[in-house]
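Some notes on the structure that comes next.
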Amino acid sequence: MPGLLRGIARTAVIAGTATSVSNRVSRRQGQRWAAKEQPQQQPQQQPQAPQNEAPAYAEAPPPQAAPTPSSGGGSVDRIAALKDLGELRAQGVLTEAEFNAEKAKILAT
């Protein structure tokens, strides 16, 4: 059962990260398109927002992975975590750099 919960939590983190990245890419692409269209249009006077006013939206902080609970068998948890990482790398979910960073975190604990 803990393996199932860990898998569900990992999936939620990956989905949240993918959504965040997708939103940023869409927003950046929209800004690029707007910048390309702006020179083609005639310059218009637009009211500027006051300098002290906050933007309508705030950039959300990146999602953080849930900490793995540690039990008395620390080496068993490390081995399981390293196996999970290896599976994710083999599936193409993690890049080699991400795999190495996570492996270093696991081995440092």
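The values are calculated or read from the model by the stated rules, or taken from the named source; none is laboratory data. All values reported here derive from a predicted model rather than from experimental measurement. Cβ: placed from backbone, ideal geometry, glycine included. Neighbour counts: every protein chain shown. Side chains are part of the model used for accessible areas, which takes the heavy atoms of the whole protein and leaves out ligands, DNA and RNA. Shrake-Rupley method; radii C 1.70, N 1.55, O 1.52, S 1.80 Å.
Computed quantities for the displayed model
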quantity	calculated
Any chance residue 10 is basic (Lys, Arg), open to solvent by 80 Å² or more (accessible area, probe 1.4 Å), in a helix (DSSP H, G or I) and at pLDDT 75 or above	no
Count - residues of region 83-95 that are open to solvent by less than 50 Å² (accessible area, probe 1.4 Å) and part of a helix (DSSP H, G or I)	4
Cross-chain or 6+ apart pairs with Cβ under 9 Å, region 1-16 first and over 19 Å from residue 82 (Cβ atoms), then surrounded by 10 or more Cβ atoms within 10 Å (Cβ to Cβ) and at pLDDT below 75	12/63; 12/66; 16/63
